[in-house]
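To keep things clear, I will list the structure first and then write my remarks on it.
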Amino acid sequence: MVRLNVFRWAPGEAERIRAYEVEAVADTTVLDALVAVQREQDPTLALRYACRVGMCGSCAMVVNGRERWACRTRLASLGPGPVSVRPLYHFPLLRDLVVDMTPFVERHAAVGAALAPAAQAEPYVVIPSASAERAEIDDAIECIGCGMCLSACTMVAHDRRFPGPAALNRAFTLQRDRRDAAHGARWAMLLGDDALPRCHGQGNCTDVCPMGLSPTRSIIRLRQMAVRRMVGLAAPQAGRGQ
Amino acid sequence: MTAEPRILRREWTSAEGWRGTPAGMWAWLIQRVAAILLLVVIAAHLVNPFRRGVQAALLALALLHALLGVRALLLDLGLPLRWHRALFVAALGLAATIFVAVWTWRWY
C-alpha cells in the first residue's frame, strides 16, 4: 500500500491535504493511483489527464516537490514514504489538482509567439531538416505546453510580467526563423526589464521539462544573439525587422 | 465582484517547499547568500584584519562566490547546459580544495 497526500481545494472551501491509501505494484504510476482513488474512494477528487502515455502533458502536477507528469512517474521511483501530490504552482487553481492554463497562453501571446510571416516568405518547409538553421532550434520546438517549467521557475513567482521559460523558448525559435517578420518588435520586448534580464539561469525549467527541452539554453542563446546584435555581429537573416 | 484567483506558490518556509530543489537553484542560492555574507565579513575584516576566523570566512566566501560566478559565466558563454550539475559540483570541490590548500599552507 502507498499513501498519497493529495492537495484538495475548491472555491469557497479551505485548502487541505487529504490522505489516501492505494494498492500499488511495480509499474503503478501516480496517475494510476489518483484514478484509482477517484474511482474507488473519492469521486469528488478533480484531476486532469488525457493521453495517459506521456504525450500530451495534461497530467502535469507537483509530486514530492518536483513538477512531473503523473502518467510517467512510477510510485516505485519515488522512494519510501508518503507521496505528496499538489497542483502546478503559479497557475490559478480551478479545483484540487486542476489549474487554469490561461496564464501559459497569455505569456506566449506577450512575446508574440505566433509566426509573423514575411511578405515574400515561402509558406511551408523552407528550412531543411538537416540544415544548421534547423539544428539550432531542433531542441526547442518540441514543447507540449504542459506548464511544468512555468511552475518550476522562481522568477515567474516574483514578476508577473516575466514571460517565463516556455514563452522565451518559443521566442527563441522564432528569432532564429528567417521566415518571421517580427524580430524587431520581439527584440524590443525581449530586451525590456521584465524578459531576458529577469532569468537567473537557475535551470529549474530545464530540470523538470518532461520532453528534455532546455528553455535555459534558449534564453542563453537569445542573450548571446542580443549581444552580437548590439555589437553589430548579428548573422544576416532573411527575416524582417532585424 | 469576482474573488481573487487562488494561486499556489512554493512555500519557502515549509519543508515541502524545499523538497526536490534542484542543483541549479542551490548554485544560484549559495552564490547570492555568499555575496551578502561577504559584505558582512569584509566589514568585519576591515575592523580587525588579523582575526583568523574572519580571514577563513572571507577566503571561503570569496572562493564560493567567485567559482559559482565562473560556472554561470561558462554556461552563458555556451558550455552545454547538461554540464551544469557537474560544474556546480566542480565549483564546490574546487572551492574546498583551494581553501584547504591555502589555509594549510599559510605563508605568514
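The values are calculated or read from the model by the stated rules, or taken from the named source; none is laboratory data. Here the structure is a predicted model, which means the values were calculated and not measured. Cβ coordinates were reconstructed from backbone atoms using ideal geometry, including for glycine residues, and neighbour counts include every protein chain displayed.
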- prompt: Taking A:G112, is it touching an Asp or Glu at 6+ places or on another chain (Cβ under 8 Å) and surrounded by 12 or more Cβ atoms within 10 Å (Cβ to Cβ)?
  reply: no
message: Among the residues of the stretch A:184-207, are any within 10 Å of chain B (Cβ to nearest Cβ) and over 23 Å from B:V70 (Cβ atoms)?
response: no
task: Six or more apart or on different chains, Cβ under 7 Å: which pairs go from a residue in the stretch B:78-100 that's farther than 30 Å from A:A140 by Cβ to one that's in a helix (DSSP H, G or I)? Could you list them?
output: B:L94/B:L67; B:A95/B:L63; B:A95/B:L64; B:A95/B:L67; B:I98/B:L63; B:F99/B:L59; B:F99/B:A60; B:F99/B:L63
- line: Okay, helices (runs of 4 or more DSSP H) sitting entirely in chain B with 2 or more residues that are at pLDDT 90 or above, I get B:23-47, B:52-76, B:84-104
- request: Return the residue satisfying two criteria in turn: it lies in the stretch A:140-154 and is under 20 Å from A:C59 (Cβ atoms) and in contact with a helix residue (DSSP H, G or I) (Cβ under 7 Å, 6 or more places away or on another chain), and of such residues it is nearest to the other protein chains (Cβ to nearest Cβ).
  value: A:A152
message: Being closer than 17 Å to A:A46 by Cα and part of a loop (DSSP other than H, G, I, E, B) is the filter here; which residues of the stretch A:76-94 pass it?
response: A:P87, A:L88, A:Y89, A:F91
- prompt: Could you list, in sequence order, the residues of the stretch A:129-173 that are among the polar types (S, T, N, Q) and assigned to a loop (DSSP other than H, G, I, E, B)?
  reply: A:S129, A:S131
field: Unmet criterion (only one of (1) over 23 Å from the mean Cα position of the chain (by Cα); (2) touching a residue at least 12 places away in the same chain (Cβ under 8 Å)) for A:C59
entry: (1)
- line: Conditions (1) under 16 Å from the mean Cα position of the chain (by Cα); (2) within 12 Å of chain B (Cβ to nearest Cβ) -> A:G54 fails only (2)
field: Some residue of the stretch B:13-21 being within 30 Å of A:M148 (Cα to Cα) and in contact (Cβ under 8 Å) with a residue 24 or more places away in the chain
entry: no
query: Which pairs have Cβ atoms under 7 Å, sit 6 or more apart or on different chains, and link a residue in the stretch A:1-17 that is away from chain B (no Cβ under 11 Å) and at pLDDT below 95 to one that is in a strand (DSSP E or B) and surrounded by fewer than 17 Cβ atoms within 10 Å (Cβ to Cβ)?
result: A:M1/A:E21
- request: Test each condition in (1) over 17 Å from the mean Cα position of the chain (by Cα); (2) at pLDDT below 90 for A:Q175 and report the one that comes out false.
  value: (2)
- line: Scanning the stretch B:1-60 for residues that are farther than 30 Å from A:G65 by Cα and of a type in the set (V, I, T), the one farthest from the other protein chains (Cβ to nearest Cβ) turns out to be B:V47
field: Which listed residue is in contact with a helix residue (DSSP H, G or I) (Cβ under 8 Å, 6 or more places away or on another chain) and among the aliphatic types (A, V, I, L, M), from A:A181, A:A234, A:A185, A:A157
entry: A:A234
field: Conditions (1) at pLDDT below 95; (2) crowded, with 23+ Cβ neighbours inside 10 Å; number of the one not met by A:A226
entry: (2)
